[in-house]
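The values are calculated or read from the model by the stated rules, or taken from the named source; none is laboratory data. Computed from a prediction, not measured in an experiment: that's the story for all the values here. Every residue, glycine among them, receives a Cβ derived from its backbone with ideal geometry; neighbour counts consider all protein chains shown. Ligands, DNA and RNA are stripped out before the accessible areas are found, and what is left, the full protein with its side chains, is counted by its heavy atoms. Shrake-Rupley method; radii C 1.70, N 1.55, O 1.52, S 1.80 Å.
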Amino acid sequence: LSIEKNTTVLFTHTSTLVLEGGLTVNGTPNEFVNFTSKDPDYRGAGIVVRGSDGADISISYARFTKLSLPLNFELDWFRNNVTVRHCLFRDINTGESAVVVAMPLGAFLGTTDKTCNFNFNNNNFINNWGSVFFENFQDNILKLNFSNNIFTNNVVYGIDKGIPSNSPVFGLFDDTERKYVSTITENSVFGNYQINASTDTIIREISFGVQGKGEKFAIPNNYFRSTDPAYISSTFDHFYQNNELPLLVSEPFL
């Protein structure tokens, strides 16, 4: 399926666009492709990727707005190459993950020739009550490059700390010596807040979260607005908020 620039794709209530093949979205800087709901009060879901026999997925210069789950890579999907770049995710207000990337088909295998090059680059994630979730930051098949993205002005409601799903970006790290470890670098993550719903006040700034049995996971060379290591660490949901979680190591930071 190819979707050309200046196209608007409208979703009716709870509807999805299910992809068992390939997808090319050909937006340009001044002529985006728009994915949105026909009625913002009764929102559509979004794009679902499933199956292991499809062609590559390339989404460039697309706006995902007022949907409930814009991108969902279901369990046991596989593509050789996935690129999501120069896209805008905005006004996703379910409180759940807006982008979900489950482990690809056969990721549990110790040896395999399959590799999915997954590039999530130069995207804006703004004004959402939601998150981006990667099922595993370490994988035998998924080679993730997550870089040059902006996450700002997103919120989560709740008073508990040490819950990775409260973060705008989170995933699992068990440190089981899988083939590929995600590259998470040169992102700007700032101005995202955990809110006390009962008093409508800010509890703290939030950025990254990690869960799993690993000891520590490195996310170097990202921008957090502050240059104070203690403050940056306080925006994470990791070991310092919950000693059952891995430690996020952010230095050196931008």
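Report the residue, chosen from Pro40, Pro164, Pro104, that carries the largest GNM mean-square fluctuation when the chain is represented by alpha-carbon nodes joined by springs under 10 Å.
Maximum among the listed residues: Pro40.
Could you tell me which of Ala62, Phe133, Val82 has its Cα farthest along the dipole of region 57-135 towards the positive end, charges placed at Cβ (Lys, Arg +1; Asp, Glu -1), taken about the Cα centre?
Result: Ala62.
What's log10 of I(q)/I(0) for region 51-99 at q = 0.13, 0.24, 0.30 Å⁻¹, Debye sum over Cα points only, no solvent?
-0.35, -0.97, -1.11
Using the alpha-carbon centroid of each, what span in Å lies between region 29-54 and region 194-235?
Cα centres, region 29-54 to region 194-235: 29 Å.
Taking a spot 7 Å from the Cα of Thr94 along the direction of its beta carbon, which residues of region 142-168 have an amide N less than 17 Å from it?
What the label zone holds, given the 17 Å backbone N cut-off, is 155-157, 165-168.
Need one number: nm distance between label points at Asn80 and Asn122, each 7 Å from Cα along Cα→Cβ, rounded to one decimal.
Reported label-point gap for Asn80 and Asn122 is 2.3 nm.
Alpha carbons only, please: Rg and Dmax for region 195-254, in angstrom.
For region 195-254, the Cα radius of gyration and maximum Cα-Cα distance read 12.5, 37 Å.
Say a paramagnetic label sat at a point 7 Å from the Cα of Glu244, along Cα to Cβ; which residues of region 170-198 have their backbone N under 18 Å from it?
171-175
Report the residue, chosen from Leu19, Leu71, Leu142, that carries the largest GNM mean-square fluctuation when the chain is represented by alpha-carbon nodes joined by springs under 10 Å.
Maximum among the listed residues: Leu19.
Rg and Dmax in Å for region 67-205, alpha carbons only: what are they?
15.5, 53
How many percent of all Cα-Cα pairs in the chain sit more than 30 Å apart? Before the final figure, lay out each step's value.
Values: 7933 of 32131 pairs.
Tail fraction, whole percent: 25.
Quick one: if you stick a label point 7 Å off each Cα along the C-beta vector at Thr14 and Leu1, how many nm between them?
A separation of 2.0 nm, rounded to one decimal place.
Given Cα pairs under 8 Å that are at least 6 residues apart, what percent is the relative contact order of region 1-116? It would help to have the intermediate numbers written out before the result.
On the way: 301 pairs, mean separation 26.9, N = 116.
Once normalised by length, the contact order is 23 percent.
Restricting attention to the alpha-carbon atoms of region 149-254, what are Rg (one decimal) and Dmax (integer), both in Å?
13.3, 46
Give me D for region 1-141 in µm² s⁻¹, whole number, from Stokes-Einstein with Rh from the Kirkwood sum over alpha-carbon pairs, 4 °C and 1.567 mPa s. Let's see the in-between values first.
Values: Rh = 15.3 Å.
Estimated diffusion coefficient is 85 µm²/s.
With labels modelled as points extended 7 Å from the Cα through the Cβ direction, what inter-label distance (nm, one decimal) is found for Ser198 paired with Trp129?
Taking the two extended label points, one gets 1.8 nm.
Would you rank Phe32, Phe224 by solvent-accessible area, highest first, keeping every protein chain in place and using a 1.4 Å probe? Intermediate results must be reported in sequence, preceding the final value.
Details: Phe32 35, Phe224 5 Å².
Largest to smallest exposure gives the sequence Phe32, Phe224.
Which entries in Lys5/Lys66; Lys66/Lys161; Lys5/Lys114; Lys143/Lys216; Lys161/Lys216 show an alpha-carbon gap greater than 24 Å? The partial results should precede the final answer.
On the way: Lys5/Lys66 20 Å; Lys66/Lys161 28 Å; Lys5/Lys114 32 Å; Lys143/Lys216 19 Å; Lys161/Lys216 18 Å.
Lys66/Lys161; Lys5/Lys114, as the Cα separations exceed 24 Å there.
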